[in-house]
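Below is one structure, written out as structure tokens; the observations come after it.
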Amino acid sequence: MANVIIIGAQWGDEGKGKITDLLSKSADVVVRSQGGVNAGHTVVVQGQTFKLHLIPSGILYPNTECIIGSGTVIDPRELLKEIDQLHKLNVSTKNLYISQTAHVTMPYHRILDQAAEERRGKYRIGTTGRGIGPTYSDKAERIGIRMLDLIYCDRYPEKIEWTINYKNAVLEKLYGLPPLNAKEIIEEYRGYAERLRPYVVDSSLKIAQAVKQKKNILFEGAQGTLLDLDHGTYPYVTSSNPIAGGACVGAGVGPTIIDRIIGVAKAYTTRVGEGPFPTELHDEIGEYLAEKGAEYGTTTGRRRRCGWFDGVIGRYAARINGLDCLAITKLDVLDELPEIKVCVAYEVDGEICREFPIHALKFANCKPVYETLPGWQQPTSHCRTLEELPKQAQDYLKFLAELMEVPIAIVSVGAAREQTIIVEDPIHGPKRALLDSKGKPVKS
Ligand code: IMP
């Protein structure tokens, strides 16, 4: 039995969908703990492409239960689109469960997200415009609409009506935008409630029952460590906690039930939206990574900013999440490069800095200190074992693992399920060594 968290170790889009899909095979339950339709997973199974935003990719296995947990925010219109897409492709959603306490993204959230971005001007965050921030703001302000409110909206329409009227005042007075029609929205959302009602459960109880029955549970993170509201590159972050601790909060489980935490990182780095990115490449190599890596967002279609692997961020992600092992994705994207750089430290204000500086202004001034490794300049997508990889690719992976002080368990060399190298058993293989005060592994 093992309960595993999968976490993005960079700025999101690390390829978590593929790794979750891979591990879902041996999971009985997959839980999505945070985020909303800002996330996007692309999973390719037998040549068929699935684009998922809210539903865990575990849904593609007929016996895996998938839970959208309390810490998520749910846009019912988008969720129903996703359900319909799955049905069209003959994928059943009988094993889908939605938390009754997840918050609902309403039409005004999306409008306010976009209006606030425009108003921020040069301070814009580059959000996905999907209403994520405003939905979480309302949750914190305690005026949010939860799934419970939605499915009982026949009984309690006043609460939704009051909230819409309140938001109308903001729309009109702050942004000069037209008000929304409360009656029409309630009617529209009543329809969504009818369709979603069968899926709505007490999710933390359902997870607790699975724990009791010793089922294998996979907690699937959305976004990535550096987008964490508390520990990321604030303010250029999302409004939830994509780190391992956030998975426990969002699912409603105690950290003691977690057996293993897997970090997913690309063999290089990407970022969407605004905010500092020390290893970003504005040259032809950046272009090459974007094109070869098909670095266009699943959710917004925006081109991702691309750069070299950042080991400072990698080490930070290992620390903040307590990573046990790593899955390195998209190694094949580097196949043609004659040399590959890795950022091992930053230079800032004339000093060398090996730890991630949480202060936004300091981080914005960091210049990467690189080590250059030789490329392998041959294809790797057909490789299925570490030994089959060119020697330089093996050395590159070893370098990353040593830099992050975390063992690599999985390497992905293509989008398809089978284009994967299992280096160590990711669930039962070696864990990250405990380090002593001098940073040396503690011998057990
Ligand atoms: P929001 O989550 O839409 O509020 O966007 C806040 C920031 O997080 C923006 O920079 C987005 O581009 C980024 N972001 C949100 N979701 C994802 C994701 O799934 N992958 C990568 N970046 C994301």
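The values are calculated or read from the model by the stated rules, or taken from the named source; none is laboratory data. Everything quoted here is computed from the prediction, not taken from an experiment. Virtual Cβ from ideal backbone geometry, glycine too; neighbours counted across all protein chains shown. The accessibility values were calculated without ligands, DNA or RNA, using every heavy atom of the protein model including side chains. Shrake-Rupley method; radii C 1.70, N 1.55, O 1.52, S 1.80 Å.
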Local net charge near L22, Cβ-Cβ under 15 Å (Lys/Arg +1, Asp/Glu -1): +1
Solvent-accessible surface (1.4 angstrom probe) belonging to I352, in square angstrom, nearest 10: 100 Å²
Computed accessible area, L89, all protein chains, 1.4 angstrom probe, square angstrom: 60 Å²
5 angstrom amide H check on V45, placed H, neighbours 5+ away: F50
Built amide H within the under 5 Å cut-off of V423, gap 5+: I410, V411
Estimated vicinal HN-Hα couplings, Hz - segment 32-40 in sequence order (Karplus 6.51, -1.76, 1.60; Gly, Pro = x): 9, 9, 8, x, x, 7, 6, 7, x
Ratio of Rg to Rh over segment 1-55 (Cα coordinates, Kirkwood Rh, two decimals): 0.94
Rounded to whole Hz, the Karplus (6.51, -1.76, 1.60) HN-Hα couplings of segment 193-205, x for glycine and proline: 4, 4, 6, 8, 3, x, 8, 7, 9, 7, 5, 5, 5
Percent accessible area from carbon and sulfur atoms, the chain, protein chains only, probe 1.4 Å: 52 percent
Linear extension gain, I257 paired with V211, 0.36 nm per residue minus alpha-carbon span: 15.8 nm
Stretchable slack from T93 to K173, in nm (0.36 nm times residue separation minus alpha-carbon distance): 24.6 nm
22 Å Cα-Cα threshold exceeded, pairs from K122/K266; K51/K431; K51/K330; K139/K212; K18/K292: K122/K266; K51/K431; K139/K212
Integer Hz, Karplus 6.51/-1.76/1.60 couplings in order for segment 383-393, x for Gly and Pro: 6, 10, 10, 4, 5, 6, 6, x, 3, 5, 5
Long-range HN-HN contacts of V73 with modeled amide H, under 5 Å: G35, G36
Rotationally averaged projected area of the chain (alpha carbon convex hull; nm²): 21.8 nm²
Zero-based 5 Å bins, Cα pair distances in segment 210-266, whole percents: 4, 18, 27, 21, 15, 8, 4, 2, 0
Cut-off 18 Å, label 7 Å out along Cα→Cβ of E184, residues of segment 104-140 by amide N: 106-112
Convex hull (Cα only) mean projected area of segment 45-196, reported in nm² to one decimal: 10.3 nm²
Cα pair distances exceeding 28 angstrom across segment 285-427, given as percent: 21 percent
Distance between modelled label sites at L80 and R197, nm, 7 Å Cα→Cβ extension: 1.3 nm
Backbone N within segment 240-277 under 14 Å of label point (7 Å from I358 Cα along the Cβ vector): none
Longest to shortest principal axis, alpha-carbon extents of segment 37-103, angstrom: 35, 24, 16
1.4 Å probe accessible area per residue over segment 204-323, in Å²: 35 Å²
